[in-house]
Amino acid sequence: DKYDDLLIGVKSAAIRLGEQTKPVLTVFTGAMAAGLLLSGHLSDMTWPYYVAVALTTGRLAQQVRTRMSTLRFHGKR
């Protein structure tokens, strides 16, 4: 949480990224999903693997979207 980091004086990636936090997290989420999908393909994984990747990626994307919106709503960045 950026607010807490600022409050106690911790230097974090979230503070350093500032307004770019959401786009960077979105890119990291996409890269993670692409890597997992490629790994699954190269390992001949079956459909449950891809379901798990989809659910995990969807949940992570939801957290990025809703958490960043909540921070803006409360005036935190």
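Laboratory data are not the source of any read-out in this text; all were calculated from the coordinates shown. Note that the coordinates shown come from a computational prediction; the quantities given were computed from them, not determined experimentally. Positions of Cβ are generated from backbone atoms using ideal geometry, with glycine treated the same way; all protein chains shown enter the neighbour counts.
Below are the figures for this structure:
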quantity	calculated
Near pairs, Cβ below 9 angstrom, 6+ apart or cross-chain, from segment 56-68 (under 18 Å from L17 (Cβ atoms)) to any residue that is surrounded by 15 or more Cβ atoms within 10 Å (Cβ to Cβ) and of a type in the set (G, A, S)	L60/A33; A61/A33
Residues within segment 1-47 that are in contact with a helix residue (DSSP H, G or I) (Cβ under 7 Å, 6 or more places away or on another chain) and over 20 Å from R59 (Cβ atoms), tallied	6
